[in-house]
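These notes concern the structure reproduced below.
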Amino acid sequence: MKYVFTILVIIHGLIHLLGYTKAFFETDISKQLVGVSKPVGSIWLVTFIMFMVVVIQFLNGKKWFYLGFVGVLVSQILIILTWQDARFGTIPNIVIFLVGIVAIATYRFNTMVERESNQILQNTKTDNPTIISKKDIAYLPEIVQKWMINSRIIGKPIVKTVRLKQLGTLRTKQNSKWMPFKATQYFNTITPSFVWQTKVFAMPLINLLGRDKFKNNKGEMLIKFAGLVPVVKEYDNPEINSSAMLRYLAEICWFPSATLNKYLSWKTINASSTKATFTYKNQSVSGVFSFNNKGDFISFETMRYYSNNKNSQSEKWLITINDYKVFHDIKIPSQCKITWKLKDGDFNWLNLEVISIDYNCTETY
């Protein structure tokens with residue numbers, strides 16, 4: 001669709017050359033238009049140039065929409081002046097205007113998330129980090145120690161910040177279609193917090209933009225249809241605060257050294273599982289980490305609010321690991337399946353893959 005829009009703007013821009021041609025040259029094409037003076041013909045040429053610049057900015061990911069709006073305005077005025085011959089040019093102008101509205105909404109959403117992500121990462125010193133030794137993990141349950149060793153964090157710097165990229169699919173109901181998504185996420189492990197941003201490809205030409213946030217022990221969720229219309233907007237209530245804490249707890253599997261932070265405590269359940277409790281600013285959540293004989297983390301299970309609004313019920317929430325990868329010589333789960341264990345059956349609503357991860361980096365993508 002990107003290239004369809006590009007071709008539309010190019011063709012629309014080229015048609016504006018007709019007005020310039022009428023004013024400065026005699027051709028068969030120009031005879032199809034009403035008379036155009038040279039000053040007005042120059043404006044047709046300028047409009048053509050504006051649309052060509054819009055194409056260049058659009059293809060290079062620049063802010064094309066402001067110039068696009070100006071181009072559409074000038075173009076429509078010219079079309080009105082030559083309505084009988086140029087009226088059909090209104091259609092591409094409407095398309096360009098609507099795409100521009102979505103583009104500026106997306107830009108503003110991305111700018112907000114960029115600002116929030118930088119706030120998560122800023123003022124975190126990642127130089128001269130502490131190197132993890134076997135002595136540092138000695139107090140942990142035996143199976144968690146095995147996980148730390150198998151994850152290869154011994155001899156590595158303790159992780160303070162994380163950035164990662166994900167791909168995956170999700171659905172909103174048990175029988176609804178799967179929708180592909182891509183996402184980026186930033187973590188601060190010293191003052192536990194994260195910002196997760198996603199683009200869900202809901203249907204052709206229509207995306208859902210989402211942002212989950214956990215900061216200062218408060219959760220926030222914002223989902224916008226095409227970047228314009230809020231579909232979900234929840235923040236700072238007991239349900240979403242608890243859910244955001246649980247999400248952070250589960251996702252430390254991507255930066256295992258976080259197990260050493262004082263806000264986490266561990267209690268052995270049996271030889272292959274342990275209960276982790278995340279306590280921060282007088283709030284606590286817990287979940288069960290399970291492992292195989294090799295010390296690989298294989299699942300996380302907890303009770304979590306099924307939705308983030310009032311009167312929501314707690315349901316069993318399960319993350320299972322399908323594959324592992326080594327990033328920066330640290331072995332982490334790379335493919336995960338997330339399932340609600342409901343009374344009327346399992347609801348696998350999300351599958352994701354971590355495709356890139358960086359540690360102790362304070363810059364956003």
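Scanning the chain for long hydrophobic helices, with DSSP H runs required to stretch 30 angstrom or more by C-alpha along their axis and to average at least -1.0 on the Kyte-Doolittle scale, returns 38-59, 90-121.
Database remark: amide H of A226 closer than 5 angstrom to the amide H of N207, L208, L209 (H placed geometrically; neighbours at sequence offset of 5 or more, or on other chains; Pro and chain starts carry no H). Any chance you could check the Cα centroid distance between the range 318-351 and the range 81-129 for me, in angstrom? Taking the Cα centre of each part, the range 318-351 and the range 81-129 sit 32 Å apart.
Using C-alpha pairs below 8 Å separated by at least 6 residues, the relative contact order for the chain is 13 percent.
Taking each residue as 0.36 nm, the span from N348 to V46 lengthens on full extension beyond its C-alpha to C-alpha distance by 103.3 nm. On full extension, the segment bounded by Q335 and K2 gains 116.9 nm, given 0.36 nm per residue less the C-alpha separation.
For the range 284-349, the Cβ-based charge dipole about the Cα centre amounts to some 120 debye (Lys, Arg positive; Asp, Glu negative; other atoms uncharged).
Each distinct pair of alpha carbons in the range 160-273 adds a 1/r term; the inverse of their mean, the Kirkwood radius, is 15.7 Å. Here the Karplus relation 6.51 cos²θ - 1.76 cosθ + 1.60, evaluated at θ = phi - 60°, turns the backbone of the range 331-344 into coupling constants of 8, 9, x, 10, 10, 10, 10, 10, 9, 8, 8, 8, 5, 8 Hz, with x for every Gly and Pro. For the pair the range 286-315 and the range 155-186, the centres of their Cα atoms are 16 angstrom apart. Applying a threshold of 19 Å to the alpha-carbon distances of K125/K156; K182/K294; K182/K337; K224/K341 flags K182/K294; K224/K341 as lying beyond it. K165 contributes an accessible area of around 80 Å² to the protein surface, as traced by a 1.4 Å probe with all chains present.
With the biggest extent put first, the Cα atoms of the range 251-365 measure 42, 36, 31 Å across the principal axes. Using a simple spin-label model with pseudo-atoms 7 Å out from Cα toward Cβ, S265 and D236 lie 2.9 nm apart. Probing with 1.4 Å while keeping every protein chain in the model, the per residue accessible area of the range 211-365 equals 47 Å². Approximating the spin labels as points 7 Å out from Cα along Cα→Cβ, the L98-to-S307 distance works out to 3.0 nm. The convex hull of the Cα atoms of the range 201-267, projected and averaged over all directions, covers 6.2 nm². Mind grabbing the base-10 log of I(q)/I(0) for the range 64-120 at q = 0.18, 0.25 Å⁻¹? Debye formula, identical points on the C-alpha positions, no solvent, two decimal places. So the normalised log intensities are -0.64, -0.91. In plain terms, the bigger the Kirkwood radius, the slower the diffusion; for the chain, with that radius from Cα pairs, at 4 °C and 1.567 mPa s, Stokes-Einstein puts D at 55 µm²/s.
Cross-link reach is defined here as a Cα-Cα straight distance under 19 Å, omitting same-chain residues fewer than 8 places apart; for K134 the aspartates and glutamates meeting it are E142, D296, D329. Rolling a 1.4 Å probe over the protein heavy atoms of the range 27-166, with every protein chain left in place, gives an accessible area that is 63 percent carbon and sulfur.
Just reorder F58, F201 by solvent-accessible area, largest first, 1.4 Å probe, all chains present. Don't skip to the end; give the middle numbers.
On the way: F58 45, F201 80 Å².
Accessible-area ranking of F58, F201, largest first: F201, F58.
The values are calculated or read from the model by the stated rules, or taken from the named source; none is laboratory data. Fair warning: this is a prediction, and the values are worked out from it, not measured in the lab. When we count neighbours, we look across all protein chains shown, and the Cβ atoms used for this are built from the backbone with ideal geometry, even at glycine. Heavy atoms of the whole protein, side chains included, go into the accessibility calculation; ligands, DNA and RNA do not. Shrake-Rupley method; radii C 1.70, N 1.55, O 1.52, S 1.80 Å.
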